[in-house]
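Heads up: the structure comes next, in structure tokens.
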Amino acid sequence: MENDKKNILIVGKGAAASSLAQKLVSQGVCKVFVASGNGIESENYTNVDLREDDLTGLLKFALENEISLTVPVSELALKSDIVSFFMSNGQSIFGPVKEACNIALNKAAGKKFLYKIHAQTSKFGVFDKQQMAEDWLRTANFPVTIKCFESNNIGDRLVCTTVSLAGQFLENLFSRGESGVLLEEYVFGHNFTVYFVTDGYSSLPFAVVGNYKFLEDGDGGILTNGSGCYVPDYRVSELVVQRVQNVVRNALVSLDKKGEPYVGILGVECVMTGEDKFYINEFKSFLQDFDAASVLNLLDENLIKLFTACIEGLFSDDYEQIKINDLSSVTAVVSSRSEGKYISGLELVDDIKNLGFINVKKGLDGKYITGQNEVFVLTRTASTLTRARNYLYEDLAQISFDGMKYRHDICKG
């Protein structure tokens with residue numbers, strides 16, 4: 001069956017889901033549905049009012065709408081084990097089962113797994129009691145990063161420069177009922193992510209992304225999941241990519257031995273500390289909101305064929321490398337200090353497909369209104385990184401709302 005005969009269901013919301021939908025539609029897919037979507041109507045895909053963890057409802061929708069392939073991009077859906085549930089009901093689905101992707105969904109589990117497979121990672125500790133965490137801090141090298149196990153929210157991670165600040169943050173987390181925390185010594189260097197596609201046994205890299213993690217220019221302010229990116233990242237050598245792939249191979253072998261093969265997209269977040277030297281911070285279960293469009297704009301593969309090959313065990317036979325084009329992309333995450341602010345200038349963006357909404361609503365008057373924290377991502381793609389960056393900031397200069405915040409130094413210099 002050709003691509004134009006297929007209906008596709010993406011389970012997720014935000015910029016990653018909409019970016020994937022845009023890419024699939026551009027490749028001639030018959031119809032794309034996104035559950036739960038981002039609440040913003042699109043002429044290219046249909047939002048479905050179903051929760052990402054409503055497995056029964058999603059399965060019923062897939063059956064009634066003759067869905068040929070389901071792609072879960074939502075961590076909530078993966079935690080609910082949508083992959084096993086759909087597979088047991090005869091549905092074609094591209095993604096990892098819950099047990100396999102726990103290394104990406106749970107930061108403590110992922111860090112322990114890196115240690116188990118002897119990957120280079122920073123010194124860390126995992127604690128479910130505040131006193132034990134504070135004891136670990138006394139011998140740690142500062143700065144120290146504190147993270148909740150299963151949250152990417154801005155308020156659930158912090159880089160602490162002193163024992164006092166770390167102690168205050170720990171008290172705040174445990175007092176609100178957090179089950180545990182991951183503490184790790186902060187590694188200074190260049191942040192990057194290598195993305196792989198895998199059938200659970202073999203893997204191929206398809207993107208090297210330069211990441212920005214802090215909210216303020218010059219890596220100041222709050223540590224975020226991501227505040228911007230650029231692709232390709234020319235600072236990362238082919239040797240480094242090969243070494244990261246070796247880590248992925250070890251990870252896949254270890255998971256397969258446990259009977260939990262990882263099928264899907266696996267991101268490996270790293271920090272470069274010197275020439276061809278790097279640490280691995282954590283795994284990601286799919287493309288992230290802040291880099292999905294930049295990555296997908298550079299892919300020249302038929303995604304339906306690629307994903308299906310992984311599901312059906314044909315990946316290693318059919319693919320020796322993943323095709324990418326010669327373009328470059330730059331993305332900025334736009335945040336808001338408060339919600340309920342009207343956004344002006346979005347209609348002036350050169351191409352609306354460059355926008356990925358994360359936390360935006362439409363008022364009764366049809367105008368866009370901000371949520372809080374990350375609001376949307378804006379991506380521009382061009383023949384060079386310099387041109388892509390210039391186009392991006394030209395677009396950003398036309399958009400405004402009270403409390404608008406974004407980095408001005410992405411891909412600068």
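The values are calculated or read from the model by the stated rules, or taken from the named source; none is laboratory data. These numbers come from a predicted model, not from an experiment. Note: ideal-geometry Cβ built from the backbone for every residue, glycine included; neighbour counts use all protein chains shown. Side chains included, ligands, DNA and RNA excluded: accessible areas come from the protein's heavy atoms. Shrake-Rupley method; radii C 1.70, N 1.55, O 1.52, S 1.80 Å.
Volume per residue of the convex hull around the Cα atoms, evaluated for the stretch 249-309, comes out as 135 Å³.
Solvent-accessible area of THR139, all protein chains in place: 100 Å² (probe radius 1.4 Å, heavy atoms, ligands and nucleic acids excluded). Scanning the chain for DSSP H helices at least 24 Å long along the axis (C-alpha atoms) with a Kyte-Doolittle mean no lower than 0.0 picks out 238-257. P(r) tail, the stretch 234-355: Cα-Cα pairs separated by more than 21 Å, 57% of all pairs.
Overall, the ratio between the Cα radius of gyration of the stretch 145-269 and 2.2 N^0.38 Å, rounded to two decimals, is 1.23. What are the aspartates and glutamates whose alpha-carbon lies under 16 Å from the alpha-carbon of LYS258, with same-chain residues fewer than 8 places away excluded? Reachable aspartates and glutamates: GLU99, ASP199.
Using only Cα positions of the stretch 37-137, each an equal point scatterer, no hydration layer, compute I(q)/I(0) via Debye at q = 0.20, 0.21 Å⁻¹ and quote the log10 values to two decimals. The Debye formula, applied to the Cα set alone, gives -1.00, -1.06. Close amide-amide hydrogen proximity is noted between LEU204 and VAL197, each under 5 Å apart and 5 or more residues distant or on a separate chain (H modeled in the peptide plane; Pro and chain starts excluded).
The stretch 52-121 and the stretch 245-301 have their alpha-carbon centroids 16 Å apart. Cross-link check: pairs LYS284/LYS353; LYS129/LYS341; LYS23/LYS367; LYS6/LYS98; LYS79/LYS116; LYS23/LYS362 evaluated at a Cα-Cα cut-off of 31 Å; pairs beyond the cut-off: LYS129/LYS341.
Within the straight-line cut-off of under 17 Å between alpha carbons, the aspartates and glutamates reachable from LYS123 are GLU134, ASP135, GLU184, GLU185, GLU269, GLU282, sequence neighbours fewer than 8 places apart in one chain being disregarded. Were the residues from ASP300 through GLU66 laid out at 0.36 nm apart, the gain over their Cα-Cα distance would be 81.6 nm. The share of alpha-carbon pairs in the stretch 87-218 lying farther apart than 18 Å comes to 63%. Evaluated at q = 0.23 Å⁻¹, a Debye calculation over the C-alpha positions of the stretch 290-402 (equal weights, vacuum) places log10 I(q)/I(0) at -1.18. Note on GLU41 and SER316: with the Förster distance fixed at 30 Å, the Cβ-Cβ geometry gives a FRET efficiency of about 0.15. Beta bridges assigned by DSSP with both partners in the chain are antiparallel in approximately 80 percent of cases. Accessible surface for the chain, divided over its residues, is 43 Å² per residue with a 1.4 Å probe.
The separation of the stretch 334-413 from the stretch 186-207, counted between C-alpha centres, amounts to 27 Å.
Averaging 1/r over each pair of different alpha-carbon atoms in the chain and inverting the result gives 21.8 Å, the Kirkwood hydrodynamic radius. The apolar share of the surface of the chain, taken as the fraction of accessible area on carbon and sulfur atoms (1.4 Å probe, ligands and nucleic acids excluded), comes to 47 percent.
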